[in-house]
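Everything below concerns the one structure shown next.
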Amino acid sequence: MDRLDIKLWTLASKGHIVPDRSLLKTPDQIAAIKKSAALNTAVLDHVAAHIRAGMSTADIDRLVYDYTTEHGGIPAPLNYEGFPKSVCTSINNVICHGIPDEYEILQEGDIINVDVSTILDGYFSDASRMFAIGEISERSRRILRVTEECVELGLKAARPWGHLGDIAHAINSHAQANGYSVVEEIGGHGIGLEFHEEPFVSYVAPKGTEMVLVPGMMFTIEPMINEGSPDFYIDEDNGWTVYTIDDGLSAQIEYMVLITETGVEVLTK
Ligand code: MF3
Ligand code: CO
């Protein structure tokens, strides 16, 4: 047992949830995952430079596939548990896991989440952004602004030896203060060596609960913020697309972060 094992064991003996050592990335792994994350950010920048009204979500899928593969990467969603495309595109009342489609055309006034995940040299990265298509309503602008504030407040609440619940509390309380709700059953995840690793990251957990944040942990901060009810249903035909139960708007922004000895580092956003 080294000093870290003793610290983790002591916390566990006091009832805290602590990560397995396998979830703590080594310096070599961190360096390799950062390369994957840099490509992931470049893919999102490429989408940002081209997204516009009149384009289909299948056009976004091609932008992602072509850019990623031309730079030596593989889009992580492609064939992941049967997902048929390279990126998730979730418009207006779609919460997440929208499947790009030739017949789905971006309209002026839409809000869309583009969720990009990349494998480079076997290492995984993941982030998503919201885009406003042309002029959008005040109602849409407000949910985009509050969602960004939620993620930034969550990031500020993250510190080594704090808890995942601190991040959740910061996010959920800001969403609620603005009259929004946070989806409970779908959350974030550890990432780096796999697409989805432990822990499951809740954005509704209370402060001081859930896993202790230990330097070397990597995970996503990706709350789904709904205008109305946090409840949802999944498309029966494709088995993926998640819709708000009440047709209200939903927005999501995803950062991938690393807990360091002194704070938190955003790897891709
Ligand atoms: N990128 C999503 C996430 O943040 C995962 C999508 S799984 C897929 O966890 F298969 F739909 F791509
Ligand atoms: Co994602």
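Brief remarks on what is shown
- For the residues Arg142, Arg159, the requirement of being surrounded by fewer than 18 Cβ atoms within 10 Å (Cβ to Cβ) and part of a helix (DSSP H, G or I) singles out Arg142.
- Region 188-217 residues that are within 13 Å of Leu258 (Cα to Cα), paired with ones that are of a type in the set (Ser, Thr, Tyr) and in a loop (DSSP other than H, G, I, E, B) (beta carbon under 8 Å, 6 or more apart): Pro215/Thr260; Gly216/Thr26
- Between Gly134, Gly228, Gly239, Gly154, the distinction of being within 29 Å of Leu23 (Cα to Cα) and of a type in the set (Gly, Ala, Ser) belongs to Gly154 only.
- Of Ile74, Ile51, all but one fail to be within 16 Å of ligand 1 (Cβ to nearest atom), modelled with pLDDT of 95 or more and not small (Gly, Ala, Ser); the exception is Ile74.
- Within region 96-118, residues that are farther than 20 Å from Met224 by Cα have Cβ atoms under 9 Å from residues that are within 9 Å of ligand 1 (Cβ to nearest atom) and open to solvent by 20 Å² or more (accessible area, probe 1.4 Å) in these pairs: Asp101/Lys85, counting only partners at least 6 apart in sequence or on another chain.
- Number of residues in region 64-118 that are open to solvent by 10 Å² or more (accessible area, probe 1.4 Å), under 30 Å from Glu135 (Cα atoms) and over 18 Å from the mean Cα position of the chain (by Cα) equals 12.
- Test: residue in region 18-39 that is of a type in the set (A, V, I, L, M), farther than 30 Å from Lys85 by Cα and either open to solvent by less than 50 Å² (accessible area, probe 1.4 Å) or assigned to a helix (DSSP H, G or I) (or both): yes
- Scanning region 238-269 for residues that are open to solvent by 20 Å² or more (accessible area, probe 1.4 Å) and over 18 Å from the mean Cα position of the chain (by Cα) gives Asn238, Gly239, Ile245, Asp246, Asp247, Thr260, Glu261, Thr262.
- Set side by side, the residues Asp166, Asp115 differ, and just one is within 15 Å of ligand 1 (Cβ to nearest atom), modelled with pLDDT of 95 or more and out of contact with any Phe, Trp or Tyr (no Cβ under 9 Å at 6 or more places or on another chain), which is Asp115.
The values are calculated or read from the model by the stated rules, or taken from the named source; none is laboratory data. Quantities reported herein were computed from a predicted structural model and do not represent experimental measurements. Cβ sites come from the backbone with ideal geometry, for glycine too, and all protein chains shown count toward neighbours. These accessible areas exclude ligands, DNA and RNA; they are computed on the full protein's heavy atoms, side chains included. Shrake-Rupley method; radii C 1.70, N 1.55, O 1.52, S 1.80 Å.
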